There are 2 protein chains.
Amino acid sequence: MPQDDEASATATGHDGAIEETGRFRPRFDASGLMPCIALDHQTGAVLMMAWVNVRALEETLSSGFAHYWSRSRNRLWKKGETSGALQRIVEVRTDCDQDALLYRVTVADPAGTCHTGRPTCFYRTVPLGPGDLDRPLSFDDADR
Amino acid sequence: MPQDDEASATATGHDGAIEETGRFRPRFDASGLMPCIALDHQTGAVLMMAWVNVRALEETLSSGFAHYWSRSRNRLWKKGETSGALQRIVEVRTDCDQDALLYRVTVADPAGTCHTGRPTCFYRTVPLGPGDLDRPLSFDDADR
C-alpha cells in the first residue's frame, strides 16, 4: 500500500508489521494470484505485467527464470519456453504490503517479450485531457 | 498479454485487434479494476503498484495528476492529496491487451511515495533459491 495519508494506515488496520517484517509473507488474492511487474535490468524498461501464484513464484525462485500463471490457459508458464524470450532473474522484490512483485530480469531475446513482437507490452500511449476514455492511442514503435 | 507462444494467441482468441487498435479500450476486471504501475520519470524507478477504475483513470487523464482507487477505503484517491507526495503525470501507457496501465510520473516529494516513508514501495528483495516461500527478506534502505 502506497502512502495516501497517515489516517488511512490506522483506519485500514496497518500496524507496520507486514511493512517492516524481514520475512517473506506473500499475500495472494482470492484467486490465489498476485500482479507481477517485469523490468529489464539493463535498460530499466517496464517489459510486461503478468500474474503469479504460489507455484509460479516457487519455480521462479528455484530456477532463476521468470515463471507466471497464465489465466487464459490456466497453467504454469515459463516465460519464453516456446518463443525463446527467456527472462533470467536478477532480483525479485516485494512491495510494502507484500501483494505485488517486481522481477528484475535480463532478456534472452529483446524483441520477444510481447507476443506482438515488440520489446515491451507497453508500446502505446494514452493522450491526456478531459473527456471520455474512448480516445486515440499513439504507437511508440521506435523500440520495435 | 506478453508472448508465451504463437499457439496461445489463437487458443485464447487473440486476433490482433486489441493489440493493434489505435483506440483506447481499457479492459477492467470483474471488480471494475485494473492494475497500474507508477514509474518515476527522472530515475526510472518503479514507485508502486496500485489499482484504477474508470473514475480514477478519467480523473488522472483530465487533471494530469495520478488518481487510484483505494480498495481498502473503497474510494477515489488522489495520490498525495494528504501527504503532499503528488504524482504529476508525464505519460500514460496501456499494454498490449489493454488490461494494465503504466503511469510515468514526476513526484513532488520523493520520500513520500510509500506510506512507510520510503521513495518506493519495493524496498525489500526476496532471496533466490529452492524451498519454501517462507524465507528472509533483505531491506534495501540505501534509498530511504
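So what are the ³J(HN,Hα) numbers for the stretch B:96-109, from phi and the Karplus equation (6.51, -1.76, 1.60; θ = phi - 60°), rounded to whole Hz, Gly and Pro as x?
Ordered by residue, 3J(HN,Hα) equals 3, 9, 6, 10, 8, 10, 10, 9, 9, 10, 10, 9, 6, 9 Hz.
Residue by residue through the stretch A:28-44, what is 3J(HN,Hα) from phi via Karplus (6.51 cos²θ - 1.76 cosθ + 1.60, θ = phi - 60°)? Round to whole Hz and write x for glycine and proline.
7, 7, 4, 8, x, 10, 9, x, 9, 9, 9, 10, 6, 5, 6, 9, x
Charges at C-beta only: +1 for Lys and Arg, -1 for Asp and Glu. How large is the resulting dipole of chain B about its Cα centre, in Debye rounded to 20?
Charge dipole, chain B, about its Cα centre: 840 debye, nearest 20.
Kindly provide the Kirkwood hydrodynamic radius of the stretch A:28-74 in Å, to one decimal, from all pairs of distinct alpha carbon atoms.
Its Kirkwood hydrodynamic radius stands at 11.3 Å.
Taking the Cβ of residue B:94 as the centre, find all other residues whose Cβ is under 10 Å away and add up their charges (Lys, Arg: +1; Asp, Glu: -1).
Computed value for this residue: +1.
Over the Cα atoms of chain B, how large are the radius of gyration and the largest Cα-Cα distance (Dmax), in Å?
17.3, 48
Placing unit charges on C-beta atoms (Lys and Arg positive, Asp and Glu negative, everything else neutral), compute the dipole magnitude of the protein assembly as shown about its Cα centre in debye, rounded to 20.
Rounded to the nearest 20 debye, it is 160 debye.
Note the distances from residue A:130 to each other copy's matching label point, with points 7 Å along the Cα-to-beta-carbon direction, in nm, sorted shortest first.
Label point to label point, same position, other copies: 6.1 nm.
Based on Cα coordinates alone, diagonalise the gyration tensor for the stretch A:64-144, multiply each eigenvalue by 5, take square roots, and list the semi-axes in whole Å, largest first.
Semi-axis lengths for the stretch A:64-144 are 27, 18, 14 Å.
Give the long-range amide H neighbours of residue A:47: residues separated by 5 or more places, or on another chain, with amide H under 5 Å away, using H modelled in the peptide plane at 1.01 Å from N.
Under 5 Å from the amide H of residue A:47 lie the amide H atoms of A:38, A:39, A:40, each far enough along the sequence or on another chain.
Counting Lys and Arg as +1 and Asp and Glu as -1, what is the net charge of the other residues whose Cβ lies under 13 Å from the Cβ of residue B:132?
With Lys, Arg at +1 and Asp, Glu at -1, the net is +2.
Over all residues in A:17-23, what is the mean tally of Cβ atoms on other chains that come within 10 Å of each residue's Cβ?
Neighbouring Cβ atoms belonging to other protein chains average 4 per residue here.
Considering only C-alpha atoms, what is the centroid distance from the stretch A:47-66 to the stretch B:43-92, in Å?
Using only Cα atoms, the two centres lie 27 Å from each other.
Sum -39500 (n - 2.57) across every DSSP H segment of at least 4 residues in the protein assembly as shown, then divide by the residue count to get the 222 nm mean residue ellipticity, nearest 500.
-3500 deg cm²/dmol
For the protein assembly as shown, what are Rg and Dmax over the alpha carbons, in angstrom?
For the protein assembly as shown, the Cα-based Rg and Dmax read 17.9, 50 Å.
Given B:66, B:128, A:76, which one lies farthest toward the positive end of the charge dipole of the protein assembly as shown, if we put +1 on the Cβ of every Lys and Arg and -1 on the Cβ of every Asp and Glu?
Farthest towards the positive pole: A:76.
Please give the average number of partner chain Cβ atoms lying within 10 Å of the Cβ of each residue in B:96-102, rounded to a whole number.
6
Run through the other copies and list how far each one's label point is from that of residue A:63, in nm with one decimal, shortest first; the point sits 7 Å from Cα along Cα-Cβ.
Spelled out, the distances from residue A:63's label point are 4.3 nm.
Grab the other residues whose beta carbon is less than 13 angstrom from that of residue A:55, score K and R as +1, D and E as -1, and report the net.
With Lys, Arg at +1 and Asp, Glu at -1, the net is -1.
Where does each of B:92-101, B:68-77 land if you order them by average Cβ count within 10 Å, highest first?
Put in order of decreasing packing, that is B:92-101, B:68-77.
Ignore the peptide's own chain and count Cβ atoms of other chains within 10 Å of each Cβ in B:127-135; give me the average, rounded.
Whole-number average of other-chain Cβ neighbours for B:127-135 is 5.
Pick from A:24, A:122, A:65 the residue whose mean-square fluctuation is largest in a GNM of chain A, springs joining Cα atoms under 10 Å.
Looking only at A:24, A:122, A:65, the largest GNM fluctuation is found for A:24.
Taking only C-alpha pairs under 8 Å that are 6+ residues apart, what is the relative contact order of chain B in percent?
Contact order relative to length: 20 percent.
So, with +1 on the Cβ of K and R and -1 on the Cβ of D and E, and no other charges, what is the size of the charge dipole of the stretch B:37-94 about its Cα centre, to the nearest 20 debye?
In debye, rounded to 20, the stretch B:37-94 gives about 220.
Readers should treat all values here as calculations from the given coordinates under stated rules, not as data from a laboratory. Everything numeric in this text was worked out from a predicted model, so none of it was measured. Using ideal geometry, Cβ is built from the backbone for each residue, glycine included, and neighbour counts are taken over all protein chains shown.
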